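Below: the structure, in structure tokens.
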Amino acid sequence: MRIPGIVDPHVHMREPGAEYKEDWDSGTKAALAGGVTTVLAMPNTRPAITDRSTLQQSLTVAAAKARCDFAQYMGAGSENLDSAAPLAPHAAGLKMYLDQTFGNLKLDDMSHWMQHFQNWPAASPLCVHAEGASLATAILLAELYNRPVHLCHISLRSEILLIKAAKARGIPVTCEVTPHHLFLSQDDIQAIGSGRSEVRPRLTTRNDVQALWNNLDSIDCFATDHAPHTLAEKDGENPPPGFPGLESALPLYLTAVSEGRLTMEDIIKRCVTNPRRIFHLPEQPDTFVEIDPHARWNFSAANTFTRCGWSPFEGYPMTGRIESVTLRGEIAFKAGEVLARPGTGRNLRQALS
Ligand code: NCD
Ligand code: ZN
């Protein structure tokens, strides 16, 4: 069975600054191994991507190392209220952090939220990490500034119901849900381990998980929020939040198809067609993933390409396997091997010269 290459609009590459967790090479290998042919990279690197020179820095290294197509987000800060917007044609979009997570991009001042909503061009994606009451604020700002807003990694019943109500009123919001919020709950924390289970938003109750499944119609995209940290860090003193996800996501969705909880159309809509539309991405010609929908296997981090070396889905029984990935007519992944060369990935936005 053949499906189009997947678009993952929420990936943390860790380069520049934390290449021991992941870099553009290992991260795009992991993407291809997971059937992902386009990654949109988050800006909470070190340094964070907030101006022309840091954007240039990331795009230069990505152009040299990426094995799949890519675009790089800008981060919204208190120092780039006016200077971020002119860079929009070169960016995947603008990412705004309204709540605390890994990195130092959290924006505390609501007047800064408003200025970014006002300044960032409506034709370029604006993505928000907002939980609970700040999610309600982000939705209000989408209405007030009359611009599309994409709501990252929604996890709670109250949040998906709020989004459903906002959409019913015609407010221009879209949202994504991660595989870990669809396939794991608080009940799994003991088995995974408490440090390893740290993730933002946190794992939720089974009731919340069920509400996401019950409201699949309101979920526009599946996005991994691939956020690799090493095992030593996850098992250490102050475990940073985040899960790797690129290599387990599609197998999990295929497993849900085998159980009758999703259809192939559900996957293609949320992993290809909707993200392409929401993030204004070109179609990738002659780009597809060959799948064996019946293969049964157990997920093992030992066989992954991410540098972080672990997975919250260790041992998870999967039905459905990725056999090969073709990117623009060239075989990029086959039989467990990444064949695409570093630098074959293209920047999907305007070049920054
Ligand atoms: C992310 C990371 O590690 O960069 N962690 C997480 O728990 N999701 C932060 C983020 O998604 O913004
Ligand atoms: Zn993230």
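Since every read-out is calculated from the coordinates, none of them should be taken as a lab result. Note that the coordinates shown come from a computational prediction; the quantities given were computed from them, not determined experimentally. Cβ sites come from the backbone with ideal geometry, for glycine too, and all protein chains shown count toward neighbours.
General observations
- Think of segment 147-288 as having a plus end and a minus end, set by charges on the Cβ of Lys, Arg, Asp and Glu; of T174, P275, Q210, T174 sits farthest toward the positive end of this dipole.
- Distance from the Cα centroid of segment 213-273 to that of segment 290-328 is 12 Å (rounded to whole angstrom).
- Between segment 136-201 and segment 57-95, the Cα center-to-center distance that results, in Å: 23
- As a length-normalised measure over Cα pairs under 8 Å and 6 or more apart, the relative contact order of segment 2-338 settles at 20 percent.
- Those lysines that a straight Cα-Cα span of less than 23 Å connects to K334, excepting residues fewer than 8 apart in one chain: K29, K65
- Using only alpha carbons, the chain has a radius of gyration to Kirkwood radius ratio (Rg to Rh) of 0.93.
- Segment N215-W297, length gained on full extension (0.36 nm per residue, minus Cα span): 26.6 nm
- Residue-span extension gain [A123 to E337] - 0.36 nm each, minus C-alpha spacing: 73.2 nm
- Residues V272, V36, arranged from fewest to most other Cβ atoms within 10 angstrom of their Cβ, appear as V272, V36.
- Counting only DSSP beta bridges with both residues in segment 2-338, the antiparallel share comes to about 40 percent.
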